[in-house]
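Notes follow once the structure below has been shown.
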Amino acid sequence: MNGINSGFGAWNPLVWTALFLGIVAVALAIRALGRKDYKKKTGQTKVYLSGNEEPEPEDLHVRGDALYWGMVEALSGYYRRARALHTGILSDYFAWIIVTLGIVFVLLAVGR
C-alpha cells in the first residue's frame, strides 16, 4: 500500500478522498429523496412551539449573571478576591503564569 505508515495503520490520501466523496454522494442521494413541496420564507420555515408564537430573541436571552447566580453566590468570597486581583492588563496575567510555573518547577525539583 502506497502511503504514510504511522504505526497505527496506513494513511492513504486517495482512499480517504474516495471515502469522503462516497459519503457526500450518499448524503446528496438522501437529500434528493426529500419533499419537493417545501417553500422557503413561508409558514413552513417557522419554528413549531406547540402552537405558540415564537418570542422575540431579546425575550429569550438569559443573562450570565442570572444563569450562574447560585454558583457565584456560593463562591462570593472567592469572587470578591478574584475581582480585586483582576486588572485587565495582559502583562499582569503573563506575570502570574510565569510566577506559577516557577513555583511548579521549584516544587518538582525539590520533589526529586
For the stretch 53-112: of the residues being among the basic types (Lys, Arg) and modelled with pLDDT under 85, which is farthest from GLY43 (Cα to Cα)?
ARG112
Output the qualifying pairs, or none if there are none: Cβ atoms under 7 angstrom, residues six or more apart or on different chains, first residue in the stretch 41-66 and assigned by TED's automatic domain parsing to the domain that holds TYR79, second residue surrounded by fewer than 10 Cβ atoms within 10 Å (Cβ to Cβ) and of a type outside the set (Asp, Glu).
none
Give the stretch 82-102 a look and list any residue that's surrounded by 10 or more Cβ atoms within 10 Å (Cβ to Cβ), in a helix (DSSP H, G or I) and of a type outside the set (A, V, I, L, M), or say none.
ASP92, TYR93, PHE94, TRP96, THR100, GLY102
Do we find a residue being more than 25 Å from the chain's Cα centre (by Cα) and of a type in the set (Phe, Trp, Tyr) anywhere in the stretch 55-72?
no
Right, PHE105: within 26 Å of the chain's Cα centre (by Cα), free of Cβ contacts under 8 Å to residues at least 24 places away in the same chain and assigned to a helix (DSSP H, G or I) or not?
no
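The values are calculated or read from the model by the stated rules, or taken from the named source; none is laboratory data. Because the structure is a prediction, the values reported are computed rather than measured. All Cβ positions, even for glycine, are placed from backbone atoms using ideal geometry, and neighbour counts span all protein chains on display.
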